[in-house]
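Report on one structure; see the data block that follows.
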Amino acid sequence: MDENLTIISTINMKSILHLDLDSFFVSCERMLDSSLNNRPVLIGGTSGRGVVASCSYEARAFGIHSAMPMRMAKQLCPHAVIIRGNSGTYSKYSDIVTEIIKTSSPAFEKTSIDEFYIDTTGMDRFYGTYMWAKELRQRIIKESGLPISFGLSTGKTTAKIGTNEAKPNSHMQVLRGEEKGFLAPLAIRKMPMVGEKTNHKLSLMGIQKIKTVQDMPCELMERVMGKGGVSIWKKAQGVDNSPIIPYHERKSISVERTFEKDTTDVVKLKSIVTAMAENLAYQLRNGDKLTACVTVKIRYSDFTTESKQMHIPFTSVDHTLIETVNQLFDKLYSRRMLIRLVGVRYSKLVGGGYQINLFEDSEELVSLYQAMDAVRNRYGQDAIKRAVSMDSRAIGRANPFNGQPPVIPAHRRA
């Protein structure tokens with residue numbers, strides 16, 4: 001790597017603020033029931049096969065963390081309060097905080113239901129950025145009642161790590177030029193892009209602290225870990241020029257198909273709407289979204305168009321959405337006329353898909369969808385299909401939410 005390019009890239013003039021609502025699901029439940037304050041609380045699937053979606057700091061003291069099997073969490077803390085979770089409640093509070101940030105910030109990115117980045121570059125010319133961030137935090141706490149932490153630095157990585165170090169319910173600034181020193185003593189697993197597998201691989205190389213990566217030649221990291229190793233090395237130096245992706249709330253996602261020849265082949269039609277439901281569910285998960293309203297549309301050969309919709313609990317899992325789509329199709333297709341078009345639409349979308357899907361009662365099911373999506377991400381959307389939709393033509397479409405490569409985390413600490 002050109003040494004001059006490295007030196008230039010470290011002169012980062014950006015100012016990035018990262019905000020994260022502390023134990024968000026738990027905090028929302030405590031807003032509704034103050035008896036949960038100061039008690040170990042677990043949010044997630046409530047059966048013996050469920051998974052922890054979020055937990056209070058009191059529960060974390062027992063070694064419990066997000067994505068842990070609920071049965072294991074119960075063993076670690078038998079007296080914990082277990083709550084199934086209400087995605088509608090969490091979405092409402094997320095919207096409140098999003099609106100506050102939207103009306104206060106020049107440009108912001110919402111990366112999940114409870115996490116935000118704000119580009120505050122240039123604000124020091126008019127007002128102290130750190131003071132502004134503290135006042136924004138106080139406004140969020142006052143108007144929403146929720147605890148929130150933030151980190152302020154020159155890039156996303158250092159700002160996010162700063163937030164995590166400031167928690168719970170506090171704040172931190174890492175000044176320009178102090179990024180390396182701040183990061184150096186921290187465990188390498190605290191870097192956002194270092195998951196369990198990467199951490200294990202780095203541990204086998206004798207890397208436990210970020211400082212070790214800082215002192216290594218970049219070429220060595222690239223040789224061992226490829227492009228991902230270069231990215232880890234740069235971020236360990238405190239260099240992260242990742243842009244803020246402006247937030248735009250998408251209200252719905254849909255797909256339609258017009259047939260070359262009108263048909264009454266119900267087997268074919270149900271195969272196609274099943275494939276549509278499955279593909280759109282995959283797109284929801286890649287965009288970290290859920291839907292609470294499903295619509296099926298039919299256009300007959302005489303151009304008469306009819307549709308039916310159903311409101312459901314927030315979800316992005318295939319089996320629930322496919323069942324709903326097929327129920328709607330059965331109710332809708334009553335005229336037995338030739339059909340020229342069918343369509344499926346998901347609306348009332350909210351963020352936080354991965355976390356909220358952990359409310360499902362089966363950890364195996366969550367793992368199955370992660371594995372299926374990982375195969376699709378690598379080999380294409382039609383690499384895995386249900387048998388009933390095997391004969392349907394490809395329904396694939398690009399990621400409609402942000403155009404970025406999908407990321408499926410091994411787990412997320414809420």
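The values are calculated or read from the model by the stated rules, or taken from the named source; none is laboratory data. All figures in this text were calculated on a predicted structure; none of them were measured in a lab. Cβ coordinates were reconstructed from backbone atoms using ideal geometry, including for glycine residues, and neighbour counts include every protein chain displayed.
Taken over the range 313-349, the residue count meeting the criterion of being under 14 Å from ASN279 (Cβ atoms) and of a type outside the set (Val, Ile, Thr) is 6. Pairing each residue of the range 265-291 that is touching a residue at least 24 places away in the same chain (Cβ under 8 Å) and on the phi < 0 side of the Ramachandran plot with any residue that is part of a loop (DSSP other than H, G, I, E, B) and among the aromatic types (Phe, Trp, Tyr), provided the two are 6+ apart or on different chains, yields C-beta distances under 9 Å for VAL266/TYR333; LEU269/TYR333; GLN283/PHE401; LEU284/PHE401; ASN286/PHE401; GLY287/PHE401; LYS289/PHE401. Do we find that ILE322 is closer than 25 Å to LEU365 by Cα and either touching a Cys at 6+ places or on another chain (Cβ under 7 Å) or without any contact (Cβ under 8 Å) to a residue 24 or more places away in the chain (or both) in this structure? Taking the combined requirement at face value, the residue does not satisfy it. Here is the figure for the range 145-166: residues that are closer than 15 Å to LYS190 by Cα and either hydroxyl-bearing (Ser, Thr, Tyr) or modelled with pLDDT under 95 (or both) total 3. Taking VAL224 as the residue in question, decide whether it is without any contact (Cβ under 8 Å) to a residue 40 or more places away in the chain, part of a helix (DSSP H, G or I) and over 27 Å from THR111 (Cβ atoms). Here the answer is yes, as VAL224 does meet what is asked. Of all the numbered requirements in (1) surrounded by fewer than 23 Cβ atoms within 10 Å (Cβ to Cβ); (2) modelled with pLDDT of 90 or more; (3) within 30 Å of the chain's Cα centre (by Cα); (4) assigned to a helix (DSSP H, G or I), ALA277 misses one, and that requirement is (1).
Looking at the structure I just gave you, is MET191 among the aliphatic types (A, V, I, L, M), surrounded by fewer than 20 Cβ atoms within 10 Å (Cβ to Cβ) and out of contact with any Gly (no Cβ under 9 Å at 6 or more places or on another chain)? When the stated conditions are applied, MET191 does not pass them.
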